[in-house]
Amino acid sequence: MTDPRTGNARRHDLLEVLTIALVASICGCDSCVDFADFAEDREALFREFLVLENGLPSHDTFSRLFRLLDPASLSAAFGRFLEALGADGAGVIAIDGKTLRRSFDRAAGRSPLHVVTAFAAEAQLV
């Protein structure tokens, strides 16, 4: 997928911005502001596998990038990513999910906590 940004707008690596957005999305973030907040809260973790030469992208950076990206191109690239991801983990993966009792907070309007466990049968890893 080609980077649609030009000039100074390319301060942050395209793959790094998309990686942060993907991880944040998987963890429940819904907006560009959420992506930026998530990255800031987990900066040490992201620095373990991303260079982040110019620091963390701001919510404006996420917003500008997603407005410029071609949706069909992003969808095709994401599809190829998922296919390649599945090729490395051949075998049965058992998924178990539970909702923790009494973990919701009606007063704060928060939903209950959920726990998901994935077991790779052949590798015997959880």
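The values are calculated or read from the model by the stated rules, or taken from the named source; none is laboratory data. On a predicted model such as this, the values are computed, not experimentally measured, just so you know. Heads up, the Cβs are rebuilt from the backbone with ideal geometry, glycines too, and the neighbour counts pull from every protein chain shown. With ligands, DNA and RNA removed, areas are computed over all heavy atoms of the protein, side chains included. Shrake-Rupley method; radii C 1.70, N 1.55, O 1.52, S 1.80 Å.
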### Query
Which residue, of G91, G55, is part of a loop (DSSP other than H, G, I, E, B), within 16 Å of A21 (Cα to Cα) and open to solvent by less than 80 Å² (accessible area, probe 1.4 Å)?
G55
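Please indicate, with yes or no, whether at least one residue in the range 67-75 is in a helix (DSSP H, G or I) and open to solvent by less than 60 Å² (accessible area, probe 1.4 Å).
Of the range 67-75, the ones in a helix (DSSP H, G or I) are 67-68, 71-75.
Filter once more, keeping what is open to solvent by less than 60 Å² (accessible area, probe 1.4 Å): 73-74.
Yes: the range 67-75 contains one or more residues that are in a helix (DSSP H, G or I) and open to solvent by less than 60 Å² (accessible area, probe 1.4 Å).
So which residues in the range 60-94 are hydrophobic (A, V, I, L, M, F, W, C) and farther than 24 Å from D30 by Cα, if there are any at all? Spell out the reasoning first.
Of the residues in the range 60-94, the ones hydrophobic (A, V, I, L, M, F, W, C) are 62, 65-66, 68-69, 72, 74, 76-78, 81-82, 84-85, 87, 90, 92-94.
Hits for the range 60-94 are A84, A87, A90, V92, I93, A94.
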### Message
Could you list, ordered by first residue, the pairs with Cβ atoms under 6 Å in which the first is in the range 64-88 and on the phi < 0 side of the Ramachandran plot and the second is open to solvent by less than 60 Å² (accessible area, probe 1.4 Å) and part of a helix (DSSP H, G or I), at least 6 apart or interchain?
### Response
L65/V17
